[in-house]
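Structure record follows, encoded as structure tokens.
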Amino acid sequence: MKIHIREIDHVVIRAADLDAMTHFYCDVLGCSLEKEQRDLGLVQLRAGRSLIDLLRVGAKIDRPESGSLDAGRNMDHVCLRVEAFDGEALAAHLQACGARIGELGVRYGADGFGPSLYLFDPEGNMVELKGPPEAARATSL
């Protein structure tokens, strides 16, 4: 049996402060609120065709085997594909919103090599914003 993976469905991020994390992903990065289940400690955000689930540490459905929360240790990173990628403009916007910016570069992703920018959310999680692959950019010039 061969499993065919089409795209990221969702990423779960354990969060100490759901409100700060929801603000960052919605107001800074442009996600939208999909579903909120505060009684479970869960906020689900729409990121294009995918979801980012924010799970409050210690919530009813937080697993004990997940361990204690160390900032930046609750996930490696999530990569979000963005269109109309302008690395310098993205970096300026994100810095104006108080985000800590990482490296801008060309990296390999699901669609091949393309521009990407690393940044960090309020709890130290690395987020990668990825533009269209170089082949797609070359044909649109």
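No value in this document is a laboratory result; all are computed from the given coordinates. All values derive from a computational prediction rather than experimental measurement. So basically every Cβ, Gly included, is an ideal-geometry build from the backbone, and we count neighbours across all protein chains shown.
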Dipole of the chain [Lys/Arg +1, Asp/Glu -1 at C-beta], most positive-end residue of Tyr25, His4, Tyr108: His4
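Taking all pairs of different Cα atoms in the chain, averaging 1/r and flipping that mean, what Kirkwood radius in angstroms comes out? Could you put the intermediate results ahead of the total?
On the way: mean 1/r = 0.0621 Å⁻¹.
For the chain, the Kirkwood estimate is 16.1 Å.
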Spatial separation of Cα centroids for the range 90-114 and the range 3-55, in angstrom: 19
Cβ-based charge dipole, the chain, positive-most Cα from Ala91, Gly131, Ala16: Gly131
Packing rank of 13-21, 30-38, where each peptide gets the mean count of other beta carbons within 10 Å, highest leading: 13-21, 30-38
The chain, relative contact order in percent, only Cα pairs under 8 angstrom and at least six apart counted: 21
